[in-house]
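What follows is calculated from the coordinates using simple rules that are stated; it is not laboratory data. Nothing here was measured: the structure is a model prediction, and the numbers come from that model. As a convention, Cβ positions derive from the backbone with ideal geometry for all residues, glycine included, and neighbour counts pool all protein chains shown.
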Amino acid sequence: MDDGRATVLDIGCGDRKAAGALGLDRVPLEGVDVVHDLEVFPYPFGGDRFELVRARHVLEHVRDLVALMNELHRVTRPGGRLDLIVPYFTYLGAYRDPTHCRFFTWGSLDYFVRGRQPCVYTDRVFEYVERRLRFGRNWRGRLGEFIFRRDPSRYERHWARALPARELWCSLRVVK
């Protein structure tokens, strides 16, 4: 139940909710505080409610990404953050789950970030705080990370399939 005190919202938390967070998920698992379908908007919270929203391996399951990003913008305070982790498009695990609706590239979230892509889908704006790819720890992962750090665009165009990253990690600041 939302007691109004938590400043962190963990959406799609399942049974791995972050300590001290309010857990929101559509499945009533242990640790889920608010049971709500993540694709039904608005969420049962007032605007500007949370300082931090965590979404770990959730965005790839939601059909309407624009509506989801708009809702996360609404419930997050000005200057608050969204911490997101999604599978990278070349990672085999991204294709394994039949409930995945989309795949993410280095620039997939640019459409929501001020100054990146002209966004015609929404007027809600974010800024990148941090963005990185997570690679495996074997030699292929280390080589992929080396190439990526030198030139992300070249890595994605020429090397991403041969030396795949596992996840895209993003921290976005809410601009209101």
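Mean projection of the Cα convex hull over all viewing directions, computed for the chain: 10.4 nm².
Normalised by the residues of the stretch 47-176, what does the relative contact order come to in percent, with Cα pairs under 8 Å and at least six apart?
Values: 234 pairs, mean separation 41.2, N = 130.
Relative contact order of the stretch 47-176: 32 percent.
Each Lys and Arg Cβ is given +1 and each Asp and Glu Cβ -1; about its Cα centre, the stretch 70-143 then shows a dipole of about 340 debye.
Show me the three semi-axes of the equivalent ellipsoid for the stretch 1-63, from the C-alpha gyration tensor (sqrt of 5 times each eigenvalue), largest first, rounded to whole Å. Provide the component values of the computation, followed by the final result.
Numbers: eigenvalues 50, 38, 26 Å².
Working through the eigenvalues yields semi-axes of 16, 14, 11 Å.
For the stretch 103-176, build the charge dipole from Cβ charges (+1 Lys, Arg; -1 Asp, Glu) around the Cα centre, then report which of Leu172, Val120, Trp106 sits farthest towards its positive end. Sorting the options by dipole projection puts first Trp106.
Going by how many other beta carbons lie within 10 Å of each one, how would you line up Cys101, Cys13, Cys119, fewest first? The partial results should precede the final answer.
Details: Cys101 11, Cys13 24, Cys119 17.
Sorted ascending by nearby Cβ count, the order is Cys101, Cys119, Cys13.
Fewest neighbouring Cβ atoms within 10 Å first, the residues Ile11, Ile85 line up as Ile85, Ile11.
Among Tyr91, Val32, Cys13, which residue has its Cα furthest toward the positive end of the charge dipole of the chain, with +1 on Lys/Arg Cβ and -1 on Asp/Glu Cβ? The residue sitting most towards the positive pole is Tyr91. Extent of the stretch 88-138 along its three principal axes (Cα atoms, max minus min coordinate, largest first): 37, 26, 12 Å. For the chain, adding -39500 (n - 2.57) for each run of n ≥ 4 DSSP H residues and dividing by the number of residues yields -4500 deg cm²/dmol at 222 nm.
Could you give the size of the charge dipole of the stretch 11-124 about its Cα centre, using +1 on the Cβ of each K and R and -1 on the Cβ of each D and E, expressed in debye and rounded to the nearest 20? Kindly include the intermediate steps, with their values, before the conclusion.
Numbers: 15 positive and 15 negative charges, 64 e Å.
With Lys and Arg at +1 and Asp and Glu at -1, about 300 debye.
Near the amide H of Leu22, within less than 5 Å, lie the amide hydrogens of Val8, Leu9, Asp10, all on another chain or at least 5 residues away, with H placed in the peptide plane. Were the residues from Arg132 through Arg157 laid out at 0.36 nm apart, the gain over their Cα-Cα distance would be 7.3 nm. Annotation: amide H-H contacts under 5 Å for Gly80 (H modelled 1.01 Å from N, sequence separation of 5 or more, or interchain): Val174. Suppose R0 equals 30 Å. What FRET efficiency, 1/(1 + (r/R0)^6) with r the Cβ-Cβ distance, do Cys101 and Trp139 give to the nearest 0.05? Computed FRET efficiency for Cys101 and Trp139: 0.40.
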